[in-house]
Amino acid sequence: MSALNLYDTKTRSIAPFKSLKPKQVGIYLCGATVQAPPHIGHIRSGVNFDILRRWLIATGYEVTFVRNVTDIDDKILHKAVHEEIPWWAVAMKYERAFTDAYNALNVLPPTYEPRATGHITQMINLMQILIDNGSAYAPGNGDVYLEVRKLKEYLTLSNQKLDDLQTAEDADLTYKKDPRDFALWKAAKAGDPSWPTPWGDGRPGWHLECSAMAHAYLGEAFDIHGGGLDLIFPHHENEIAQSQAAGYKFANTWMHNAWVTTSGEKMSKSLGNSLQVQEILKKVRGIELRWYLGSAHYRSMLEFSFDALAESATAFRRVEAFLARAKSVLGAEPQPVIAAEFAAAMNDDLAVPQALAFIAESMRIGNTSADDKKVIAKTAGEVRGALSILGCDPFDPVFAASKSNDAAMDGLIKLALEQREAARLRKDFAAADAIRDQIASLGVIVEDTPNGPRWSY
RNA sequence: GGUCGGAUGGCCGAGAGGCGAGGCUCGGGACUGCAAAUCCCGCUACACGGGUUCAAAUCCCGUUCCGACCUCCA
């Protein structure tokens, strides 16, 4: 089997992936800042990295997957005031919404999911190191800044020059030595939550939590750090700056997923609620939304439209029907296997589109096999194996749970099919088709074969 | 101003010097019940202008258009 190659944002190239420790991988994924319900862009990131994780596991790695929750930031505090509930209630509410969305899309729960506010101690420790070695300074007002000009390397991920950065026009240099210095810690304002530190009461800046938590759970050096494209600068640059200034090697490989776009533009929260995961799930099932979000290459923009979503769901149902048919022919669920072609696609920087072409080819072979059990077992096994990596295995209990398997259900379906057969015998095809369409709308697929009707769901 | 990424057929979406990924839609056919499912065939592409090459969607030069980031966005 070919070896995994991944694109590294830092080198802007694809290179063989080599874990720091044999057969073990540590991944830190920037998760949600829980300030609003998740939209499909947020969840695409979750799906993309879940596919990576599943692939690493399938190829024999033990994966420690850390995805943080940033549960304090300006917007959360604003929302708390606006909604007249405590900031922590705002954070928890949206954290739950994210968890629900991840679950609905079969995103595996992280090995650990640390919250920023649970790691103030680690942040203070990190700041102490940075102040002690002269990388950071506390001007006395309660803020703590990282002095970016002192860094040996800065902006290597986004390939920018410090002097080329546009600085904020309203940069306040009362306390900052340089407008580009960024806040590790923010002094407490009246009414805002705060934690005591040696430099005064305050709360974390945006970037500090990820450095502190990645270090806490993955150590000074780890394999992969991921997130959305827009985090490259400033968030990830600043994580690198803080961590390396503290003497940590930090992440080996940087991976960034592209956006879901609408009309060519990055989705913005001003678009309203229609692209929230919860809303989309009123139109398609979680497994269909996952198939759609995972179907484009993770580094390509995914141009969202409801038509494209519906089309993708149609395509997925065909795959699902193929597997259901296979189960019916085999008398058991096909056993998932990883085909060499699929592995080759995944090893090529997670080339899901190629993997989908392979799935289509396997289905074609299976569908032309005239129910040859050997061929069906092979092709359906390969298709199921591929789907399991994509997180879209219809037999996965996560998705199958909603289906009833009890005797009453079987009996009712048989009754309906008997009625339909009776209608067919008297050439009342309108009635027969009506029955088929009705039970199809309940998720039961009926197909006529030379040996009589076959149903699956 | 700096950095980065795009433009592919009716639609989605790969590829990155030669043999047209794949899916959805559409048209024709097989099978069937003038059905469903399935299969087969077909249709329409590489933003524009030059260049390199036996050969360019792919490389080079130029142009146009679009998007993203530039200090609390996945």
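Could you check region A:160-201 and list, in sequence order, the residues that are assigned to a loop (DSSP other than H, G, I, E, B), within 21 Å of A:Glu239 (Cβ to Cβ) and in contact with a Phe, Trp or Tyr (Cβ under 8 Å, 6 or more places away or on another chain)?
A:Gln160, A:Lys176, A:Lys177, A:Asp181, A:Thr197, A:Trp199
Tell me, which residue of region A:220-238 that is open to solvent by less than 40 Å² (accessible area, probe 1.4 Å) and of a type in the set (D, E, K, R) is farthest from RNA strand B (Cβ to nearest atom)?
My answer is A:Asp223.
What are the residue pairs meeting all of these: first residue in region A:132-154, first residue in contact (Cβ under 8 Å) with a residue 12 or more places away in the chain, second residue polar (S, T, N, Q), Cβ atoms under 7 Å, and 6 or more apart or on different chains?
As it stands, the answer is A:Leu146/A:Ser135; A:Leu146/A:Gln242; A:Glu147/A:Ser135; A:Lys150/A:Ser135, since those pairs meet every condition given.
Mind telling me which of the residues A:Ser312, A:Ser274, A:Ser328 ends up being modelled with pLDDT under 95, within 15 Å of RNA strand B (Cβ to nearest atom), under 22 Å from the mean Cα position of the chain (by Cα) and open to solvent by 20 Å² or more (accessible area, probe 1.4 Å)?
A:Ser274
Which residue out of A:Asp163, A:Asp192, A:Asp181 is in the same structural domain as A:Ala116 (by TED's automatic domain parsing) and either more than 32 Å from the chain's Cα centre (by Cα) or exposed (fewer than 12 other Cβ atoms within 10 Å of the Cβ) (or both)?
After applying the criteria, what remains is A:Asp163.
All but one of (1) in a helix (DSSP H, G or I); (2) within 13 Å of RNA strand B (Cβ to nearest atom); (3) of a type in the set (Ser, Thr, Tyr) hold for A:Ser369; which doesn't?
(1)
Among the numbered conditions (1) charged (D, E, K, R); (2) open to solvent by less than 40 Å² (accessible area, probe 1.4 Å); (3) farther than 26 Å from A:Trp206 by Cα, tell me where A:Glu62 comes up short.
It is condition (2) that A:Glu62 fails.
How about region A:249-266: which of its residues are within 11 Å of RNA strand B (Cβ to nearest atom) and either assigned to a loop (DSSP other than H, G, I, E, B) or among the hydroxyl-bearing types (Ser, Thr, Tyr) (or both)?
A:Ala258, A:Trp259, A:Thr261, A:Thr262, A:Ser263, A:Gly264 - these are the residues of region A:249-266 that are within 11 Å of RNA strand B (Cβ to nearest atom) and either assigned to a loop (DSSP other than H, G, I, E, B) or among the hydroxyl-bearing types (Ser, Thr, Tyr) (or both).
How about region A:94-122: which of its residues are loosely packed, with under 15 Cβ neighbours inside 10 Å and of a type in the set (D, E, K, R)?
Within region A:94-122, A:Arg96 is the sole residue that qualifies.
Quick grid of which residues meet (1) in contact with a strand residue (DSSP E or B) (Cβ under 6 Å, 6 or more places away or on another chain); (2) part of a helix (DSSP H, G or I):
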| position | (1), (2) |
| --- | --- |
| A:Arg299 | no, no |
| A:Ala321 | yes, yes |
| A:Glu341 | no, yes |
| A:Pro353 | no, yes |
| A:Ala357 | no, yes |
| A:Ser362 | no, yes |
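Which condition number in (1) at pLDDT below 95; (2) within 15 Å of RNA strand B (Cβ to nearest atom) is the one that A:Lys283 fails?
Exception for A:Lys283: condition (2).
Can you tell me which residue is farthest from the chain's Cα centre (by Cα) among those in region A:348-364 that are farther than 19 Å from A:Pro334 by Cα and more than 7 Å from RNA strand B (Cβ to nearest atom)?
Out of the qualifying residues, it is A:Asp348.
The values are calculated or read from the model by the stated rules, or taken from the named source; none is laboratory data. Fair warning: this is a prediction, and the values are worked out from it, not measured in the lab. In this analysis, Cβ positions are derived from the backbone assuming ideal geometry, glycine residues included, and neighbour counts consider all displayed protein chains. Keep in mind that these areas ignore ligands, DNA and RNA; they rest on the heavy atoms of the full protein, side chains included. Shrake-Rupley method; radii C 1.70, N 1.55, O 1.52, S 1.80 Å.
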